[in-house]
Structure formats: C-alpha cells, structure tokens
Amino acid sequence: MGGRSDLECPSRFAWRATRCLVYCRIPEDMGAENRLLERVRSKEATIGVIGLGYVGLPFAVEKAKVGYRVLGIEQNLDRAGRVNRG
C-alpha cells in the first residue's frame, strides 16, 4: 500500500499542494488513528478553533451544540472578551 513518493507523511492521508498531489506511505500501525476516530465519534475529542471571526465563531458554536468540547483561540482581546461574556 502507499504511494509514489519517497517523502514520509505523519498520517495515512495525502497532502495536497497547489499544483501536485503527493501520496504518502501508509503506516502499518493504525492504532493511533483508530483511537482518534473513536474519540471523534464518541464526542470525547476537543476541537480547537483558531480565530473566532465570522467563520470560526459559528463553527465553534455548532460543534459545542452537538456535544464537543471546544477551545477557541482569538488574538483580538475585545472579541475574546465578548465571546467569554456570551
């Protein structure tokens, strides 16, 4: 299994560049990936959202509504304060 590249990737997923596709070798031990997928399915995973603007904030809210723990990161102190206050 695997691809056409001598490059090693940290996961089994292919990394997409702007004009080419590099296929990665698939590691034999998929235990870590299976554990992560199980945490996502059971909603035990924590979702990190960088930037709580017009895309990040609604995304974070929707994930929190369905039961995920969400960690939002925002550099604008005023916006972060407003989010924290509700």
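The values are calculated or read from the model by the stated rules, or taken from the named source; none is laboratory data. The structure presented is a predicted model; accordingly, all values stated were derived computationally and were not measured. Cβ: placed from backbone, ideal geometry, glycine included. Neighbour counts: every protein chain shown.
Computed values, structure above
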| quantity | calculated |
| --- | --- |
| Residue pairs meeting the criteria (Cβ under 8 Å; at least 6 apart or on separate chains; first among the aromatic types (Phe, Trp, Tyr), in segment 45-68; second assigned to a loop (DSSP other than H, G, I, E, B)) | TYR68/LYS43; TYR68/ALA45 |
| Per-region count, segment 11-69, residues polar (S, T, N, Q) and modelled with pLDDT under 90 | 3 |
| Some residue of segment 54-73 being hydrophobic (A, V, I, L, M, F, W, C), over 30 Å from ASN34 (Cβ atoms) and surrounded by fewer than 10 Cβ atoms within 10 Å (Cβ to Cβ) | no |
| Scope segment 62-83; condition within 25 Å of VAL40 (Cα to Cα) and not aliphatic (A, V, I, L, M); matching residues | GLU62, LYS63, LYS65, GLY67, TYR68, ARG69, GLY72, GLU74 |
